[in-house]
Amino acid sequence: MKAERFFLSLGEKAVSFFTTVTEISQLLVNAIRALPSVWFYRRQLLEQLYNFSVKTLPIAAVIAVFIGLGATVQGTYQTSEMIPRATVINVIFKSTVLELCPIVLSLVLAGKLGASLAAEIGSMKISEQIEALETMSLDPIGFLVLPRMLAGLIMLPVITIFANFIAIFSCFFVSVVVTDWISAQEFASGLEMDFKMFEMYFGNIIKPAVYGFIIALIGSFFGMRTSGGAKGVGTAATNAVVLSAVFIVIFDYYLGKLLL
């Protein structure tokens with residue numbers, strides 16, 4: 001009996017997983033179909049651009065400062081005098097831009113924005129505001145989902161560029177000004193060493209755009225399928241954060257493997 005229950009539960013979870021993936025894909029297709037009407041929903045788009053940018057800048061700045069400080073401390077601690085200091089700065093620079101800032105910032109914003117999106121749309125769902133949109137001949141996907149997806153796609157790269165700049169500046173400040181561990185000329189040489197412009201595009205634009213799109217899509221999806229009152233809103237927010245984080249980590253691996 002226990003074995004039967006185990007395999008039955010495993011089968012139900014597998015079916016639920018593939019059903020969820022199919023429904024997310026359907027939502028994505030419907031959002032793409034609503035893309036020609038984006039000008040009609042420009043006000044909602046501007047609101048979401050503001051939510052994805054200005055409201056997240058303070059937390060992005062704090063995270064970026066300590067990413068830069070932490071990467072500098074760890075990088076200098078784990079190297080020896082046999083390694084040129086400019087090389088250490090180069091490793092810190094590339095690891096920060098390509099990996100640390102994009103993924104740490106995206107995971108934190110998945111908790112902030114993903115939960116917020118799911119809770120906001122979920123509250124509209126259980127209060128029948130989405131049905132009210134349909135009665136007014138407004139497409140709920142175009143009105144609610146499309147602006148959030150575009151805002152995530154556009155603004156997360158902007159926030160990541162801002163965060164990377166602050167992280168590198170904090171690295172410069174602590175290693176050159178505060179501790180005098182390296183000279184400004186050596187620091188600049190480390191940044192220029194083996195410099196590849198595609199790496200800047202990859203770490204500042206490509207990865208954050210994908211992550212922002214994932215956060216908005218999954219948050220909107222769980223918000224649209226919310227049921228069960230206030231408890232359902234909390235469940236939707238939790239599921240949105242967890243699944244967004246999982247997808248971000250998965251795409252982090254595959255993007256690096258395919259493009260680097």
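Numbers below:
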{"read-out": "Among (1) without any contact (Cβ under 8 Å) to a residue 40 or more places away in the chain; (2) not aliphatic (A, V, I, L, M); (3) not in a helix (DSSP H, G or I) - the single one S227 does not satisfy", "value": "(1)"}
{"read-out": "Some residue of the range 204-227 being surrounded by fewer than 21 Cβ atoms within 10 Å (Cβ to Cβ), under 25 Å from F66 (Cα atoms) and among the small types (G, A, S)", "value": "yes"}
{"read-out": "Options L49, L109, L113, L117; residue that is of a type outside the set (G, A, S), within 30 Å of V177 (Cβ to Cβ) and in contact (Cβ under 8 Å) with a residue 60 or more places away in the chain", "value": "L109"}
{"read-out": "The range 126-162: number of residues that are out of contact with any Ser or Thr (no Cβ under 8 Å at 6 or more places or on another chain), assigned to a helix (DSSP H, G or I), of a type in the set (A, V, I, L, M, F, W, C) and more than 15 Å from L35 (Cα to Cα)", "value": "5"}
{"read-out": "Residue match in the range 36-43 (condition: surrounded by 10 or more Cβ atoms within 10 Å (Cβ to Cβ), of a type in the set (G, A, S), out of contact with any Pro (no Cβ under 9 Å at 6 or more places or on another chain) and more than 18 Å from M149 (Cβ to Cβ))", "value": "no"}
{"read-out": "Qualifying residue in the range 6-25 (condition: farther than 25 Å from Y253 by Cβ, surrounded by 13 or more Cβ atoms within 10 Å (Cβ to Cβ) and in contact (Cβ under 8 Å) with a residue 40 or more places away in the chain)", "value": "no"}
{"read-out": "So F52, is it farther than 21 Å from F222 by Cβ and either buried (at least 18 other Cβ atoms within 10 Å of the Cβ) or of a type in the set (D, E) (or both)", "value": "no"}
{"read-out": "Filter result for the condition that a residue is free of Cβ contacts under 8 Å to residues at least 12 places away in the same chain and not in a helix (DSSP H, G or I), over D194, D180", "value": "D180"}
{"read-out": "Residue match in the range 13-21 (condition: touching a helix residue (DSSP H, G or I) at 6+ places or on another chain (Cβ under 9 Å) and not aromatic (F, W, Y))", "value": "yes"}
{"read-out": "Only one of I215, I130 that is touching a Pro at 6+ places or on another chain (Cβ under 9 Å) and among the aliphatic types (A, V, I, L, M)", "value": "I130"}
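Each row is one residue, and each column tells you yes or no for (1) surrounded by fewer than 21 Cβ atoms within 10 Å (Cβ to Cβ); (2) modelled with pLDDT of 95 or more; (3) of a type in the set (D, E).
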residue	(1), (2), (3)
A118	no, no, no
S123	yes, no, no
S127	yes, no, no
A132	yes, no, no
T135	yes, no, no
D139	yes, no, yes
V145	no, no, no
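The values are calculated or read from the model by the stated rules, or taken from the named source; none is laboratory data. Small disclaimer: the values here were computed from a predicted structure and weren't measured. Every residue, glycine as well, gets a Cβ built from its backbone with ideal geometry; the counts of neighbours run over all protein chains shown.
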